[in-house]
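The values are calculated or read from the model by the stated rules, or taken from the named source; none is laboratory data. Here the structure is a predicted model, which is why all the values come from computation and not from measurement. Glycine also receives a Cβ, built like all others from the backbone with ideal geometry; neighbour counts cover every protein chain displayed.
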Amino acid sequence: MDDKTRTELEAAAFRRLVDHLRERTDAQNIDLMILAGFCRNCLSKWYKAAAEERGMAMDYEEAREIVYGMPYAVWKEEFQHEATSEQKEQYAVEAAKHEF
């Protein structure tokens with residue numbers, strides 16, 4: 001596979017992942033962190049870093065809006081729930097193991 005095709009396939013897979021996360025507002029970021037070790041905010045940081053590596057100026061909120069499909073404050077207000085004590089405990093255990 002040539003580099004152009006690989007990049008196109010990776011971009012398509014990334015877009016599908018972002019679309020999926022936009023549809024699955026029930027999947028809370030803390031759950032994603034516990035289970036997978038990354039969340040929408042991580043994707044936003046990676047997106048911002050990729051832009052900056054290519055000399056493009058992008059702030060974190062811009063990257064978040066790309067990943068969330070709306071301003072983060074709106075998503076948080078509409079879809080984010082307070083983490084339960086169990087989620088917070090699970091996150092602490094996973095964070096200690098993986099240093100996130």
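Scanning segment 46-61 finds no residues that are in a loop (DSSP other than H, G, I, E, B), touching a residue at least 24 places away in the same chain (Cβ under 8 Å) and either out of contact with any Leu (no Cβ under 9 Å at 6 or more places or on another chain) or loosely packed, with under 13 Cβ neighbours inside 10 Å (or both).
Taken as a whole, segment 38-61 holds no residue that is touching a Gly at 6+ places or on another chain (Cβ under 8 Å) and modelled with pLDDT of 95 or more. What number of residues within segment 67-96 are part of a helix (DSSP H, G or I), within 23 Å of D19 (Cα to Cα), touching a residue at least 40 places away in the same chain (Cβ under 8 Å) and in contact with a helix residue (DSSP H, G or I) (Cβ under 8 Å, 6 or more places away or on another chain)? Going through segment 67-96 one residue at a time, the tally reaches 3. Quick one: would you say V74 is modelled with pLDDT of 95 or more and within 18 Å of R15 (Cβ to Cβ)? Judged against the criteria, V74 is not a match. For segment 1-23, name all the residues that are of a type in the set (A, V, I, L, M, F, W, C) and in contact (Cβ under 8 Å) with a residue 40 or more places away in the chain. Those that are of a type in the set (A, V, I, L, M, F, W, C) and in contact (Cβ under 8 Å) with a residue 40 or more places away in the chain: V18, L21.
Evaluate segment 18-29: report whether one residue or more is more than 12 Å from the chain's Cα centre (by Cα), buried (at least 16 other Cβ atoms within 10 Å of the Cβ) and assigned to a helix (DSSP H, G or I). Looking through segment 18-29, none of the residues is more than 12 Å from the chain's Cα centre (by Cα), buried (at least 16 other Cβ atoms within 10 Å of the Cβ) and assigned to a helix (DSSP H, G or I).
What are the pairs with Cβ atoms under 6 angstrom where one residue, in segment 31-44, is without any contact (Cβ under 8 Å) to a residue 12 or more places away in the chain and surrounded by 15 or more Cβ atoms within 10 Å (Cβ to Cβ) and the other, located anywhere, is outside any helix (DSSP H, G or I) and of a type outside the set (F, W, Y)? Sequence gap at least six, or different chains. From residues that are without any contact (Cβ under 8 Å) to a residue 12 or more places away in the chain and surrounded by 15 or more Cβ atoms within 10 Å (Cβ to Cβ), the pairs are L32/C39.
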